[in-house]
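To start, the structure under review is shown below, and the notes come after it.
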Amino acid sequence: MALIVIAVFVLALLIGLPMFIVLGLTCLAYFLLNDISPLMIVQRMFVGLDGFVTMAVPLFILAGNLMNTGGALDRLVKFANVVVGHVRGGLAQVNVLGSMFFAGISGAATADVAALGPLEVKAMTDSGYEKDFATALTVASATLGPLIPPSLHMVIYGVTVSQSIGALFMAGVVPGILLGLAMMVQVDYFAKKYNFPKGSRPSLKLLAKEFIRAIGPLGLPAIIVLGIFTGFFTPTEAAAMACLYAFIIGKFVYKELTWRNLPKVFLDTGIICAGSMLIVAISNCFSWVIAIENIPQIVTEFLLSITSNKYILLLLINIGLLILGCFMEGVSAIIITAPILVPAVMALGVDPIHFGLIMNLNITLGLLTPPMGLSLFIASSFTKLPVTRIARKTMPFFLMMVGLLLIFTFVPEITMFLPNLLTK
């Protein structure tokens, strides 16, 4: 019977059905084989969405859309430009720094590629950069989005395995900054090697002016993280406050968010949420099936039979997650695998907060790898470059990030420094 259910899952996946249909068919097959009413699928889907913390996901998406429509994007890019635009390869450095800033608003890599990508690629190519390099850097720098808070993947992981959202947010800060700095070092190397252009040095007056203009969007992640850790907000309340803050900034401070903009903002948010929350709902049903069949315990025993060394186990899991990220969308991958893997790593003393960062980065790297590689397809849609060509150009950045992933994996103090500091 288990083999039939697995066969349904694999077959549905191979023929290219959407992930929520793959999971739904698998659950339906399991229920029919066990003489369980299919209405249980609906009940488990409702339970998957009936959570206070789960509400944070659409609220964070709405906050990001309000910020983007309200003029935050333009201010962040201009501030990044005056900070690093004057060095050799300055626009490439702006690309990375802009993604670091934007990560504090969107929390998603695909949103970064879609929002910043066309603007960044056009600016770089107009200034003499190779289009392939500009596109590859845009896709690679967008991977910072799910690490620097607020991270939608971290919220999903925290809800799935019942871990502190605030601690998970803080776990991504240092790795996210280190990845951004490492990417900027790579850009500096390429800039000197290929003699990239550089801009003029800004005056202190201009630097101060652009900083003041960018304070609004830069303050959003600070409000979210500090509010959660001081206990003033729950994650969901922090997300609601982020929406209010983004509305006030866009409407009354920047005055670029109008009442006419709001219907489109809500529609765009609803479209994004409909897809992601449908996956969350049906994945909860799939997770229930996994729990009923004691899959986490079986997997834990199997992995521990291979090795009792946590470093070897983490290495094997990293390899498995990198491969999984090539074929499965991030939210689905986290919801399906986290309940199975977390018990196994916890049995060897791995902190689930630390593992959340490892899983998040692994799954995010899947956005750079075909055949799934969603960020590659988004970039291809507006640059008209072949996906495989973009993927090849991202390879130096991908290898660098895999190297840092291993460092984060085997040196947990990097990830846990801020969570441990703020929870003492």
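The values are calculated or read from the model by the stated rules, or taken from the named source; none is laboratory data. Model, not experiment: these values are computed from the prediction. Note that we place each Cβ from the backbone using ideal geometry, even for glycine, and neighbour counts take in every protein chain shown. Just so you know, the surface numbers come from the protein's heavy atoms only, side chains and all, with ligands and any DNA or RNA stripped out. Shrake-Rupley method; radii C 1.70, N 1.55, O 1.52, S 1.80 Å.
Bridging of Lys251 to lysines at a Cα separation below 18 Å is possible for Lys264, once same-chain residues fewer than 8 apart are set aside.
Only alpha carbons enter this Debye calculation for the chain, each as an equal point scatterer, and the log10 of I(q)/I(0) it gives at q = 0.08, 0.13, 0.14 Å⁻¹ is -0.44, -1.17, -1.34. Under the shape rule built on the C-alpha gyration tensor, where the axes satisfy a ≥ b ≥ c, region 185-330 is oblate, since a/c reaches at least 1.5 while a/b does not exceed b/c. Solvent exposure of the chain amounts to 43 Å² per residue of accessible area, where only protein heavy atoms count and the probe is 1.4 Å. Set the Förster radius R0 to 35 Å, insert the Cβ-Cβ distance between Ala347 and Cys326 as r into 1/(1 + (r/R0)^6), and round the FRET efficiency to 0.05. Plugging the Cβ-Cβ distance into 1/(1 + (r/R0)^6) gives 0.80.
Residues whose amide H lies under 5 Å from that of Arg88, counting only those 5 or more places away or on a different chain, are absent; hydrogens are built 1.01 Å from N in the peptide plane. Each of the peptides 175-187, 105-117, 157-169 was scored by the mean count of other Cβ atoms within 10 Å over its residues; in descending order, highest first, they stand as 105-117, 157-169, 175-187.
Estimated purely from DSSP H runs of n ≥ 4, each contributing -39500 (n - 2.57), the mean residue ellipticity at 222 nm for the chain is -25500 deg cm²/dmol once divided by its residues.
Multiplying the residue separation of Thr258 and Phe52 by 0.36 nm and removing their Cα-Cα distance gives an extension gain of 71.2 nm. Less than 5 angstrom separates the built amide H of Tyr254 from none of the residues sequence-distant by 5 or more or on a different chain. For Lys209, the lysines whose Cα falls under 20 Å of its own Cα, not counting residues fewer than eight places away in the same chain, are Lys78, Lys255. Each residue of region 292-299 was assigned a 3J(HN,Hα) from its phi angle through the Karplus expression (A = 6.51, B = -1.76, C = 1.60, θ = phi - 60°), giving 4, 8, 6, 4, x, 5, 5, 5 Hz with x at Gly and Pro.
When each of the peptides 232-239, 148-155, 265-272 is scored by the mean number of other C-beta atoms lying within 10 Å of its residues, the order from highest to lowest reads 148-155, 232-239, 265-272. Each residue of region 196-206 is assigned a 3J(HN,Hα), and the resulting list reads 5, x, 9, x, 8, 6, x, 6, 4, 5, 5 Hz, derived from the Karplus form 6.51 cos²θ - 1.76 cosθ + 1.60 (θ = phi - 60°), x at Gly and Pro. For the chain, the carbon plus sulfur part of the accessible surface works out to 71%, probe radius 1.4 Å. Each residue, Leu421 and Gln43, gets one label point 7 Å from its Cα in the Cβ direction; the gap between the two is 4.8 nm. Of the chymotrypsin sites (Phe, Trp or Tyr not before Pro) found in region 1-86, the ones in coil according to DSSP and having at most 12 other Cβ atoms within 10 Å of their Cβ are Phe52.
In straight-distance terms, cross-link reach from Lys122 covers every one of the aspartates and glutamates whose alpha-carbon lies under 19 Å from its own, apart from those fewer than eight places away in the same chain; here that gives Asp74, Asp112, Glu130, Asp132. Once you sort the root eigenvalues of the Cα gyration tensor of region 253-337 as a ≥ b ≥ c, which label holds: rounded (a/c under 1.5), prolate (a/b larger than b/c) or oblate (the other case)? Since a/c reaches 1.5 and a/b is larger than b/c, the shape of region 253-337 is classed as prolate. Convex hull of alpha carbon positions in region 5-145: directionally averaged projected area 11.5 nm². Averaging 1/r over every pair of different alpha carbons in region 204-288 and inverting the result gives a Kirkwood radius of 15.5 Å. Note on region 378-423: percent of Cα-Cα distances in each 10 Å bin, starting at 0 and stopping at the bin with the largest distance, equals 23, 28, 23, 20, 6. With contacts taken as Cα pairs under 8 Å and at least 6 residues apart, region 234-384 reaches a relative contact order of 22 percent.
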